[in-house]
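The values are calculated or read from the model by the stated rules, or taken from the named source; none is laboratory data. Note that the structure is predicted; figures quoted are calculated from it, not measured. Here the Cβ positions follow ideal geometry from the backbone for every residue, glycine too, while neighbour counts run over all protein chains shown.
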Amino acid sequence: MRIGVLTGGGDVPGLNAAIRAVVRKALSYGYQVLAIRNGWEGLILGNVEPMTSRSVSGILPIGGTILGSSRTNPFKRDEDVEKSLKNISQFGLDAIVVIGGDDTLGVGAKFSERGVKIVGVPKTIDNDVYGTDYCIGFDTAVSFVAEALDRLHTTASSHHRVLTVEVMGRNAGWVAVVGGLAGGADYIMIPEVETSIDEACEHVRSRWARGKTFSIVVVSEGAQVREVMYSEEELGEKDEFGHVRLDRRGLAHTVATEIEKHTGFEARSVVLGHLQRGGSPTAFDRVLAARMGVFAVEMLNQGEAGNIAALQGNKIVPVPISEVLANTRPVDLELYEMARLFF
Ligand code: F6P
């Protein structure tokens, strides 16, 4: 069998660990592996080359992806679909392991409808892929958020300030809730539940009244904040999957300005941005990536396609890509409720 492997969408730590697992497992079966460079763009352009065990040597602890990534969507242009299908047959690809989030997997599903054997490995710091408890990269991202909050606590308390901290996550509050819980946030604003600057101010005031002269407010980039309206049109051009750039909202800055205005306490904002996607993967992400990568190839070896390798409890199980794409995975609201106990 000749297997193509690609990584698409935003990079995350742990992608290399997954690529290594795919290659090593495939080679162990005597299969060939071809690297498809820069996500689906590589398939359109025929930017494809053979991989050996040397190609993946030493990459386990390294963040990013040796394959490169992009947010290219071949289904935006008919000719790109044709070019991709032509390259699949020209390079003799029997199957493709698609390492990505919903967008990348969605393209995989469309190729699958055209007869291409696809298996998926879920990765995104947003952790919003349905069917799996964890996506590769999420644990590393929230570990970074927790460390950032620890660091911000000391400066916020020294200067008796409110610090608003903007985290990624798109329309899901996983990074904010889990990172905020781990880092002791005093208020967390997320996309799934309407929060308000008013309520944030109340928490800040009541902390001051209890002698806590600083506060850390975690703000998800896509948070629903009662007093802050925005239209997607204001945020500029969308990417090929129809997403706007939520960082353009500048939400943490707005929230800090408003809190300072309403409470009189000095406030600053911090945007963690792409730092959340950098660095070396945690042990958890490395092991998850290894398990999912190996499972993806095992599925192909058993002649199964059309599934992702998902973590459910402590087991890696197949979940149909169609089921993954038909559902969303908002943050666990019980966990958010629990986090509110510490506000
Ligand atoms: O989907 C991952 C993610 O990091 C989101 O949390 C964020 O909104 C987006 O990607 C940022 O994308 P880009 O790397 O294009 O700035």
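What to note about this one:
- Flag for Gly8 being in the same structural domain as Asn301 (by TED's automatic domain parsing), closer than 18 Å to Leu85 by Cα and within 16 Å of the ligand (Cβ to nearest atom): yes
- Of all residues in the stretch 199-231, exactly one satisfies the criterion of being exposed (fewer than 12 other Cβ atoms within 10 Å of the Cβ) and either under 21 Å from the mean Cα position of the chain (by Cα) or not in a loop (DSSP other than H, G, I, E, B) (or both), namely Ala209.
- Qualifying residue in the stretch 75-87 (condition: under 20 Å from Ala296 (Cα atoms) and buried (at least 21 other Cβ atoms within 10 Å of the Cβ)): no
- When the criteria are applied in full, Arg268 meets the requirement of being within 25 Å of Val142 (Cα to Cα) and either out of contact with any Ser or Thr (no Cβ under 6 Å at 6 or more places or on another chain) or of a type in the set (Val, Ile, Thr) (or both).
- Within the stretch 164-185, tally of residues that are in a helix (DSSP H, G or I), in contact with a strand residue (DSSP E or B) (Cβ under 9 Å, 6 or more places away or on another chain) and surrounded by fewer than 24 Cβ atoms within 10 Å (Cβ to Cβ): 1
- Pick from the stretch 270-311, criterion away from the ligand (no atom under 16 Å from the Cβ) and basic (Lys, Arg), ranking: surrounded by the most Cβ atoms within 10 Å (Cβ to Cβ): Arg286
- Residue list for the stretch 146-178, restricted to those being within 12 Å of the ligand (Cβ to nearest atom) and not aromatic (Phe, Trp, Tyr): Glu166, Val167, Met168, Gly169, Arg170, Asn171, Ala172, Gly173, Val175, Ala176
- Residue check, Ile321 closer than 18 Å to Ala26 by Cβ, β-branched (Val, Ile, Thr) and within 19 Å of the chain's Cα centre (by Cα): no
- Close pairs (8 angstrom Cβ cut-off, 6 or more residues apart or separate chains): of a type in the set (Lys, Arg) in the stretch 142-170, modelled with pLDDT of 95 or more and away from the ligand (no atom under 15 Å from the Cβ) anywhere: Arg161/Thr155; Arg161/Phe214; Arg161/Phe265; Arg161/Glu266; Arg161/Ala267; Arg161/Arg268
- Some residue of the stretch 230-248 being out of contact with any Lys or Arg (no Cβ under 9 Å at 6 or more places or on another chain), touching a residue at least 24 places away in the same chain (Cβ under 8 Å) and basic (Lys, Arg): no
Residue by residue, here is whether (1) assigned by TED's automatic domain parsing to the domain that holds Ala18; (2) of a type in the set (Phe, Trp, Tyr); (3) within 16 Å of the ligand (Cβ to nearest atom) holds:
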residue	(1), (2), (3)
Leu251	no, no, yes
Thr254	no, no, no
Lys261	no, no, no
Gly313	yes, no, no
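- Checking each residue of the stretch 42-53 against the condition of being away from the ligand (no atom under 16 Å from the Cβ), crowded, with 18+ Cβ neighbours inside 10 Å, within 24 Å of Gly106 (Cα to Cα) and of a type in the set (Gly, Ala, Ser) gives at least one match.
- For the stretch 12-40, the candidate set comprises residues that are surrounded by fewer than 22 Cβ atoms within 10 Å (Cβ to Cβ) and closer than 14 Å to Arg71 by Cα; within that set, the residue that is farthest from the ligand (Cβ to nearest atom) is Arg37.
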